[in-house]
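A.B. asks: Quick one: this structure, given as structure tokens, is what I'll be asking you about.
All of the numbers you see were taken from the coordinates with simple rules; none came from a lab. What you see is a predicted model; the values in this text were computed from it and never measured. Cβ placement follows ideal geometry from the backbone for every residue including glycine, while neighbour counts extend to all protein chains displayed.
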Amino acid sequence: MAGILYGTGVGPGDPELMTLKAVRLIRENEVIALPGPDAKETVAYQIAVQAVPELAEKTLLSVVMPMTLDKQQMAKDHDKAADTIEACLKEGKNVVFLTLGDPTIYSTYLYVQKILEARGYETRLVSGITSFCAAAARANTSLVEWNEQLHILPAVHRLDQKLDQPGNYVLMKSGKKMNQVKEILAESKKDVVMVENCGMKDEHIYRSVEEIPDTAGYYSLIIAKEPRGQA
């Protein structure tokens, strides 16, 4: 029988936020896939190995899927990643693919899952704590209350959009275009908090647009809320 592919979230950065199920799957399976050219250098590995030290002794698959806007190159990378994983599935080995946060939220893993499903393999998704829930907790604030709406945007792809809908916003993938993102935030007049590298050693929390540096890192998540008294 062919193996099963598990898309497994490891949470946003703090190893204590990994789920018991993620820990169990790593312990029970030999093959662990990680997104990057060097498995042990990936952020997902560095998070998970703190919670599951025996991960260091597992068979690690480096799955290379570099970020690109070239759709043809992206498709080639996804097919190559699927081929790498399929070789293990064919041997009857389960593969646990570790991904940051939750695998259902803007995860590159999902492209590989769809390819392997189309090839007839069984796949399963394992939830992890999302970056925006963890960031709200670290900032000691809610995401939404009562009947507020929550809008989740990949900011780098939506820089032409104003934050003019009622409710609160989560802006993900903001780091590379932070100057433009800050302009949108300032125009919105919303209360802003940004958590950079949530749960990691170099975590920083900024509590206004003015505090946010122009050179914020890739793992920067912004919560923009209705001003107090207007929600």
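A.B. asks: In units of 2.2 N^0.38 Å, what is the alpha-carbon radius of gyration of segment 101-231?
C.D. replies: 1.14
A.B. asks: More than 32 angstrom separation, counting every C-alpha pair in the chain; what % is that?
C.D. replies: For the chain, the share of Cα pairs beyond 32 Å comes to 25 percent.
A.B. asks: Note down the nm distance, to one decimal, between modelled labels 7 Å out along Cα→Cβ at residue 228 and at residue 180.
C.D. replies: Spacing of the two 7 Å Cα→Cβ label points: 3.4 nm.
A.B. asks: Cut-off under 27 Å on the C-alpha distance; same-chain residues fewer than 8 positions from residue 40 excluded. Which lysines are left, in chain and number order?
C.D. replies: Reachable lysines: 21, 58, 76, 80, 90, 93, 114, 173, 176, 201.
A.B. asks: Now a separate question. What FRET efficiency comes out for the pair residue 4/residue 70, r = Cβ-Cβ distance, R0 = 35 Å, nearest 0.05?
C.D. replies: Efficiency computed from Cβ-Cβ geometry: 0.65.
A.B. asks: Consider all pairwise Cα distances in segment 172-223 and report the whole-number % of them above 11 Å.
C.D. replies: Result: 65 percent of Cα pairs exceed 11 Å.
A.B. asks: Which GluC sites (Glu not before Pro) in segment 23-111 pass both tests, a DSSP loop state and at most 16 other beta-carbon atoms within 10 Å?
C.D. replies: Sites meeting the loop and neighbour criteria: 30, 91.
A.B. asks: Across segment 5-126, how large is the tail of the calculated P(r) beyond 18 Å, expressed as a percent of all Cα pairs?
C.D. replies: Result: 46 percent of Cα pairs exceed 18 Å.
A.B. asks: As an exercise, take the mean of 1/r over every pair of distinct alpha carbons in segment 95-173, invert it, and state the Kirkwood radius in angstroms.
C.D. replies: Kirkwood radius, segment 95-173: 14.8 Å.
A.B. asks: Next up: Exposed loop trypsin sites (Lys or Arg not before Pro) only (DSSP loop, at most 10 other Cβ atoms within 10 Å): please give the longest stretch of the chain free of them, not including the sites.
C.D. replies: So the longest stretch without any such site is 1-161.
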